[in-house]
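Nothing in this text is a laboratory measurement; each read-out follows from the coordinates by a stated rule. Since the structure is predicted, the reported quantities are computational estimates derived from the model, not experimental observations. Please note: Cβ atoms are built from the backbone with ideal geometry, for glycine as well, and neighbour counts cover all protein chains shown.
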Amino acid sequence: MTAALPFLAAVFAVRAALGALFQAPGAAAPVLVPAFGMDWTQFGTLVGLFWLPGLVLVYPLGLAARRMGDRAGVLLGLGFLVAGALVCAAAGGAVLLFAGRLLMGIGTVLVILLLTKMMQDRFQGADLFPAMAVYVLGWPIGIAAAQAVLPAMAVQQGWQLPFLVAAAAGALAFVALAGASRPVPRAPPPPAGAARLSAREVRLMCLAGACWACVNGTYMVLVTFAPPLLVERGLSVAEAGFATSLMSWVNILAVPAGAMLARRAGLVRPMVLGCVSAAALLAAALPYAGVGWGAAILAAHGLLYALPITVFSALPAMAVPPERRAQGLGVYFIFFYAGCTGFPPLAGWFADRFGGATAPVLLAAVLLVVALALFALFRREAAR
């Protein structure tokens, strides 16, 4: 693991930049939504476009990964992300804004698919959980930094600022990964038939992908709609952004701690069951607790949510061997991208339909319960 520290630092930078790029519309929302005359459904659609290209591209890219090369694909994806953020910042109308977000989505699918493969190919056995902790941790830290700092700056300096800052973070991540990684020889093609997924492996990847989609859906819906919920209840934009960012900052402690606990097989099931159940209850309580409890509830939710997160992220490595991993991840990410594309607009529709941000926050709690059920089904299928 020590020899891999520069690479892991670069992976963290990439994932943090990805979080900032995802959160740019959310950070700009107090100014962006009125500037473009959006309703919440349209805003949720803008957020979800970050994932939409994955529905079309992820499986073909999984098949083509062997020929493309993982490192080259991730760097290309970062280029698309930076370009898309700059297009959004330059947008004078909704069409260009949505087009830039779609361009970011093309970069996202390249980065997530191939960086996941790089990590799970490089780290095996007991090293997988701490390595995946670094991989997972960058994402919420990037979102937390964007959520804590950029909304107030966007109010003062314009909605374009979060997109520009995120583009700069993406450019720095490009340099970091290019310097810390080297092209590796492409693996020889597997024997005929060896690259074909079995029916059981397809089922496992479907369950893992759907579970990961719901886990991430909870987080994306909360970081997008918890701030307007808290503003509706009397907090300022800056206070609501800071309170929501606590949900992510606690990941600094919770993700590594959970990764260490996950190395003890007997703790995995009770940790997932207990932490996810409690996190779902806290999310459901947020709209009804006193507004002064908002920051504490979000921090506690984030802590409990993050403890088992590396278990969820490692499910694909437990389902498919390395020679079929790229194709298996193509199946896995279809479900992931379907959920990530659909959940934010669905949450926005709930906000419009029920007149506020309470319904989206309750949706986030329900998604965690669904994730827990899918995890149980995965464990049962894997044990057969």
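Brief remarks follow.
- Centre separation in Å (Cα based) which lies between segment 210-230 and segment 87-134: 17 Å
- Peptides 16-25, 243-252 ordered by packing proxy, namely the average of other Cβ atoms within 10 Å per residue, highest first: 16-25, 243-252.
- Karplus-derived 3J(HN,Hα) values for segment 317-332, using 6.51 cos²θ - 1.76 cosθ + 1.60 with θ = phi - 60°, are 5, 8, 9, 9, x, x, 5, 10, 5, 4, 5, x, 5, x, 5, 4 Hz; glycine and proline are entered as x.
- Residue-averaged [θ]222 nm for the chain, counting only DSSP H segments that reach four residues, each worth -39500 (n - 2.57): -28500 deg cm²/dmol
- Inter-probe distance in nm under a simple model that places probes 7 Å from Cα toward Cβ, at D39 and S198: 5.0 nm
- Summed residue charge, Cβ within 13 Å of Q23's Cβ, Lys/Arg positive, Asp/Glu negative: +2
- Positive-end residue, the chain charge dipole about Cα centroid, Cβ charges, pick of V136, P287, V250: V136
- A convex hull fitted around the alpha carbon atoms of the chain yields 120 Å³ per residue.
- Gain on full extension, evaluated as 0.36 nm per residue between L172 and V231 minus their Cα-Cα distance, stands at 17.9 nm.
- Within the shell of other residues whose beta carbon sits under 13 angstrom from the beta carbon of A351, the net charge comes to -2, with Lys and Arg scored +1 and Asp and Glu -1.
- Computed from Cα atoms, the angle from the helix 294-306 axis to the main principal axis of the chain rounds to 10 degrees.
- Test item: Cα-centred dipole of the chain, Lys/Arg +1 and Asp/Glu -1 on Cβ, debye: 1220 debye
- Using the Cβ of A4 as centre and a radius below 11 Å, the other residues enclosed give a net charge of 0, where K and R count +1 and D and E count -1.
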